[in-house]
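The values are calculated or read from the model by the stated rules, or taken from the named source; none is laboratory data. Everything quoted here is computed from the prediction, not taken from an experiment. Glycine also receives a Cβ, built like all others from the backbone with ideal geometry; neighbour counts cover every protein chain displayed. These area figures cover heavy atoms from the full protein model, side chains too; ligands, DNA and RNA do not enter into them. Shrake-Rupley method; radii C 1.70, N 1.55, O 1.52, S 1.80 Å.
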Amino acid sequence: MAEPKENLQMEKIVSLCKRRGFIFQSSEIYGGINGFWDYGPLGAELKRNVKELWWNAMTRQRDDVAGLEATIIMSPAIWKASGHVDTFSDPMCDCLLTKKRFRADQIEPQSGTVYKYSGAIEREGLKTVIKESFHEEGATFGEAYTKVLLTFPKDKRDEVKKKFGKENMTDEQFIMFFFSAEFKDERLESITDGQSWLSLELLQTLPIQFPEKLPKSSSEDYSVLVPHGKPPETARKTARLYFQQKGYKEPMLLGETRSEIENTTRFNPENGSLLTEPRPFNLMFKTYVGPVESEDGVAYLRPETAQAIFAQFKNVLETSRQKVPFGIGQMGKAFRNEVTPRNYTFRSREFEQMELEFFIKPDEAVEAIHGSVVTVPETGHPGEPQPNWGWQAWHQYWVEERVRFYEGIGLSRETLGFHRQTAEELAHYARACVDILFKFPFSKRDEQGELKGEELEGIAARSDFDLSQHQRFSGKPMGVFDEELRTAWGKLPKEKQDDLWRRYYENRKKYLTKMAKPEETPEQIQKQATEDANALAKGNYIPHVIEPSAGVDRLILALITNAYSETTKTDDKGKSETLYVMKFHPRVAPVKAGIFPLLKNKPELVTKALAVRDLLRPWMNVNYDESGSIGKRYARQDEAGTPFCVTIDFDTLGEKPELLDTVTIRHRDDGRQERVKISELRDFLLSKVR
Ligand code: GAP
């Protein structure tokens, strides 16, 4: 079968990434470790640029966001409060044949015929029993075998043998064949009438009924799914393999039944074998803090960077002198023991996140202060933040801000997609979540054949869930006091106060009921919700949060697949060669400029080129290269994705006096060349790469 185009494309990208030092398999010399990846020299630069751009856009260039750098291992109580200890799991199942592990929720539904077997016996074992009991008058097996031969007198036996292409079978072999699953085949229906077939079926179960007579047999059920129209032999082959790997030599399958099935996810899509029942698998990596490996020392590698932000919310609020609405940004490593790491670096077990928790007032507080909460359309940028924005406007704002960020580093809107999570998909505490997708070559396609895209970043409106949880579990207050709210509340008409109070009360009650500990009574919950609503009336509330959460590694993979392009060049002699160009946006490109002396054996050119390199080095990552022809050097830089190449030639040295101290800049994407003064070179390049 021809390899799908997108897989070929990914193979080429993976190969280029290795060859040029973007991404390597972790621990490669020891055969690698699944789900872990290293970034080589170019990849490390690319990653650094991406993180720096995110950090600048999300924290330094904003007045309303502060940064945080927390530890990877934190108190396990944090993960209890956040729900990760109890619910951060994926449903996992294993292929019964190959033991390959799958995420049950990621298996594509399949349709076909299910062949079910009620066990297997070893051919040799059955043979022995047949031999021993064949002549035993009255013995169960002897009777059975006699009956088989009587049911199939010689002419019928010959007919059956012919139908199955087994003309040379002996009587003994015929009986063996009768007990095998293959025997039950629609081809026999023309030979046996309905009546005798029924008794034959009963007869066939004898080896199952008398397992003690069989030296080695299994009565374990096993099923195989084969696509509609495929012969049963496909299923039998798989089933034989299954019993073989369970230790049965030459297994003969027993009790084959078949049924049609639609849209099942219970079978391995690669070989049709039955899977184990799905079971939850917690994705957090567990470790022990301190010298003793005891339950008291259990800790987890963080599965997301977000929780540290919630845990440090009060400290950051107090030290940064911020006021709600404001955000805390953090980026760093996260670890998830993914059931099935896949698609290169897309789903890894160690990865980096860039997360912002943007804290906002509850809508009731905004309404109390400003009279109403502004409504915004579900798409499009709502503009500069306004004081009367509720969670919907903030959510929409962050979706659009993040899209602008991606556009600014070379991912056009056409390469992105959006998925607004449905009510069923949303976490119970979330009010909305929009996933920004990138159309990777391995993404699934929609009905029109268009790439749908895979999640690059999720922007969730998480209500006041996280801070509320940490307040309840730690016993430390996570609320803020808002003087503006207190003053405004006092001026509201009683009717409005009651309306806002009731709405806030209902929201708090809903949350408290959902997350109640077993010992908490409805009365206690109502009391707490009443206290919370009373606190709102006095200007106190737990902030709500909008969370844009992006993965660094997924973004790197998106940038790499987006940048990848290849062309075929044919020379005068008709020899063709494939050229690879990584068309990175200059802002993210690992190397910003290649610096070349035209000839390496001309010391004046070399000295000048090194001086140009040193001039640019404090400002950007440049790469000095003097080996090979200029064409070869361009090709090397193209593969690395370097947007500009600067050549120092004899004109630079003043061969044409009017060109003294100028250099040629060659643009990667269109091959255009222009002459620039060395004195203007730095600013010229900075204007493109920043
Ligand atoms: N705090 C919310 C949170 O962690 P998430 O959707 O689980 O939400 C956010 O993760 C982002 O982190 C994803 O959009 C993705 O870019 C990245 N990410 C999650 N799991 C990943 C994995 N196993 N490998 C690489 N990136 C991953």
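Values computed for the structure shown
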| quantity | calculated |
| --- | --- |
| Subset tally (residues that are open to solvent by less than 20 Å² (accessible area, probe 1.4 Å) and of a type in the set (Ser, Thr, Tyr)) for region 289-308 | 1 |
| Residue within region 447-454 that is surrounded by 15 or more Cβ atoms within 10 Å (Cβ to Cβ), under 19 Å from residue 356 (Cβ atoms) and within 13 Å of the ligand (Cβ to nearest atom) present | no |
| Boolean, residue 344 is part of a loop (DSSP other than H, G, I, E, B), within 28 Å of the chain's Cα centre (by Cα) and within 16 Å of the ligand (Cβ to nearest atom) | yes |
| Exclusive hit being hydrophobic (A, V, I, L, M, F, W, C) and modelled with pLDDT under 95, set 366, 339, 373 | 339 |
| From 472, 462, 486, residue being within 16 Å of the ligand (Cβ to nearest atom), open to solvent by 10 Å² or more (accessible area, probe 1.4 Å), modelled with pLDDT of 95 or more and of a type outside the set (A, V, I, L, M, F, W, C) | 462 |
| Checking residue 479 against (1) under 30 Å from residue 49 (Cβ atoms); (2) open to solvent by less than 60 Å² (accessible area, probe 1.4 Å); (3) in contact with a strand residue (DSSP E or B) (Cβ under 7 Å, 6 or more places away or on another chain), the condition it does not meet | (1) |
| Selection count, region 640-671, where residues are closer than 22 Å to residue 621 by Cβ, of a type in the set (D, E, K, R) and out of contact with any helix residue (DSSP H, G or I) (no Cβ under 7 Å at 6 or more places or on another chain) | 1 |
| Pair list, Cβ under 8 Å, 6 or more apart: region 7-22 residue on the phi > 0 side of the Ramachandran plot, other residue open to solvent by 60 Å² or more (accessible area, probe 1.4 Å) and at pLDDT 95 or above | 21/41 |
| Number of positions in region 568-615 that are open to solvent by 80 Å² or more (accessible area, probe 1.4 Å) and closer than 21 Å to residue 11 by Cβ | 3 |
| Residue under evaluation residue 101, criteria (1) without any contact (Cβ under 8 Å) to a residue 24 or more places away in the chain; (2) open to solvent by 60 Å² or more (accessible area, probe 1.4 Å), criterion not met | (1) |
| Residue 366 being within 16 Å of the ligand (Cβ to nearest atom), open to solvent by less than 10 Å² (accessible area, probe 1.4 Å) and part of a helix (DSSP H, G or I) | no |
| Selection from region 98-121 of residues that are under 28 Å from residue 443 (Cα atoms) and in contact with a Leu (Cβ under 6 Å, 6 or more places away or on another chain) | 112 |
| Unmet criterion (only one of (1) farther than 30 Å from residue 562 by Cβ; (2) under 22 Å from the mean Cα position of the chain (by Cα); (3) within 16 Å of the ligand (Cβ to nearest atom)) for residue 354 | (1) |
| So residue 407, is it away from the ligand (no atom under 16 Å from the Cβ), under 25 Å from residue 17 (Cβ atoms) and surrounded by fewer than 18 Cβ atoms within 10 Å (Cβ to Cβ) | yes |
| Subset of region 302-322 that is among the charged types (D, E, K, R) and in contact (Cβ under 8 Å) with a residue 60 or more places away in the chain - its residue that is farthest from the ligand (Cβ to nearest atom) | 314 |
| Verdict on residue 608 being at pLDDT 95 or above, assigned to a loop (DSSP other than H, G, I, E, B) and among the charged types (D, E, K, R) | no |
| Long-range neighbours under 8 Å by Cβ, at least six apart or interchain, first residue part of a helix (DSSP H, G or I) within region 26-47, second open to solvent by 20 Å² or more (accessible area, probe 1.4 Å) and of a type in the set (Asp, Glu) | none |
| Every residue from region 36-66 that is farther than 30 Å from residue 339 by Cβ and either surrounded by 17 or more Cβ atoms within 10 Å (Cβ to Cβ) or among the aromatic types (Phe, Trp, Tyr) (or both) | 42, 45, 49, 53, 55, 57, 58, 59, 65, 66 |
| So residue 273, is it within 23 Å of residue 121 (Cα to Cα), among the polar types (S, T, N, Q), modelled with pLDDT of 90 or more and crowded, with 20+ Cβ neighbours inside 10 Å | yes |
| Near pairs, Cβ below 9 angstrom, 6+ apart or cross-chain, from region 408-424 (within 17 Å of residue 396 (Cβ to Cβ) and part of a loop (DSSP other than H, G, I, E, B)) to any residue that is among the small types (Gly, Ala, Ser) and open to solvent by 30 Å² or more (accessible area, probe 1.4 Å) | 421/427 |
| Residue list for region 323-337, filter: within 10 Å of the ligand (Cβ to nearest atom) and open to solvent by less than 10 Å² (accessible area, probe 1.4 Å) | 334 |
| Among residues of region 309-322, those that are farther than 20 Å from residue 398 by Cβ and buried (at least 22 other Cβ atoms within 10 Å of the Cβ), counted | 1 |
| Residue tally, condition over 35 Å from the mean Cα position of the chain (by Cα), more than 22 Å from residue 16 (Cβ to Cβ) and either part of a loop (DSSP other than H, G, I, E, B) or in contact (Cβ under 8 Å) with a residue 40 or more places away in the chain (or both), over region 611-633 | 7 |
| Filter result (in a helix (DSSP H, G or I) and among the hydrophobic types (A, V, I, L, M, F, W, C)) within region 477-489 | 485, 488, 489 |
| Enumeration of residues in region 649-681 that are closer than 14 Å to residue 592 by Cβ and surrounded by fewer than 16 Cβ atoms within 10 Å (Cβ to Cβ) | 667 |
| Flag for residue 264 being touching a Pro at 6+ places or on another chain (Cβ under 7 Å), modelled with pLDDT of 95 or more, open to solvent by less than 40 Å² (accessible area, probe 1.4 Å) and of a type in the set (Ser, Thr, Tyr) | yes |
